[in-house]
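These notes are about the structure you will find just below.
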Amino acid sequence: MDTPTPLSASCLCGAVKINAIIKSLEIGVCHCGMCRQWAGSPYFAIESDNVTFSGDSVKAYDSSEWAERGFCGNCGTHLYYRMKGSETHYLPVGLFPTHQAMTMSHQIFIDSKPEYYSFEQKTVCMTGEEVMAQFAGDNQS
């Protein structure tokens with residue numbers, strides 16, 4: 001995608017408004033155990049380096065030494081996953097249900113995916129070790 005796309009959404013109760021300019025309409029899917037536990041399924045997300053949240057109900061949970069997860073403190077809607085020290089937010093695609101042009105392009109922690117589901121789409125797949133190595137490389141620049 002050549003042109004950044006602005007998207008708007010809100011949490012279930014409307015206490016949090018989200019405005020994001022996403023880099024592309026490509027969806028990434030995370031199969032790690034923590035994302036599956038948090039989301040109740042694989043975590044389907046789009047990426048944005050330019051996102052604002054308005055409302056006083058945004059809460060953050062330090063889910064690991066390197067990442068946090070945001071949610072609405074009123075209704076519990078998942079708002080983002082973010083690596084600490086980064087402005088990149090991974091926003092749940094379910095926040096933007098009316099945008100039909102999105103496509104699933106890649107899957108991470110594919111080695112953690114349980115056998116009870118699979119996706120038809122052919123995507124780039126990375127193991128947890130490959131993902132961690134990529135992020136380690138990004139942090140060294």
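The values are calculated or read from the model by the stated rules, or taken from the named source; none is laboratory data. Keep in mind that this is a model prediction, so the values were computed, not measured. Neighbour counts run over all protein chains shown; Cβ positions are idealised from the backbone, glycine included. Heads up: the accessible areas ignore ligands, DNA and RNA and are worked out on the full protein's heavy atoms, side chains in. Shrake-Rupley method; radii C 1.70, N 1.55, O 1.52, S 1.80 Å.
Go through the stretch 114-139 and report how many residues are open to solvent by less than 50 Å² (accessible area, probe 1.4 Å) and touching a His at 6+ places or on another chain (Cβ under 6 Å). Residues meeting the conditions: 1. In the set (1) under 19 Å from Val93 (Cβ atoms); (2) of a type in the set (Ser, Thr, Tyr); (3) surrounded by fewer than 19 Cβ atoms within 10 Å (Cβ to Cβ), Ser54 fails one condition alone, (1).
When the residues of the stretch 94-141 are filtered to those that are modelled with pLDDT of 90 or more, among the aromatic types (Phe, Trp, Tyr) and over 28 Å from Leu12 (Cα atoms), the one that is nearest to the chain's Cα centre (by Cα) is Phe109. Within the stretch 12-51, the only residue that satisfies the criterion of being in contact with a Cys (Cβ under 6 Å, 6 or more places away or on another chain), within 28 Å of Pro114 (Cβ to Cβ) and crowded, with 20+ Cβ neighbours inside 10 Å is Tyr43.
Counting only residues that are farther than 21 Å from Ala9 by Cα and among the polar types (S, T, N, Q), the stretch 54-68 holds 2 of them. When the stretch 10-32 is filtered for residues that are at pLDDT below 95 and among the small types (Gly, Ala, Ser), only Ser24 remains.
Looking only at the stretch 73-115, residues that are part of a strand (DSSP E or B) and either among the small types (Gly, Ala, Ser) or more than 20 Å from Gly128 (Cβ to Cβ) (or both) come to 8 in all.
Taken over the stretch 33-72, the residue count meeting the criterion of being modelled with pLDDT of 95 or more, part of a loop (DSSP other than H, G, I, E, B) and of a type in the set (A, V, I, L, M, F, W, C) is 0. Residues that are surrounded by 15 or more Cβ atoms within 10 Å (Cβ to Cβ) and polar (S, T, N, Q) were ranked within the stretch 64-86; the one that is nearest to Ile27 (Cα to Cα) is Thr77. Applying the criterion of being within 12 Å of Leu7 (Cβ to Cβ) and free of Cβ contacts under 8 Å to residues at least 24 places away in the same chain to the residues of the stretch 87-113, the residue that is surrounded by the fewest Cβ atoms within 10 Å (Cβ to Cβ) is Thr98.
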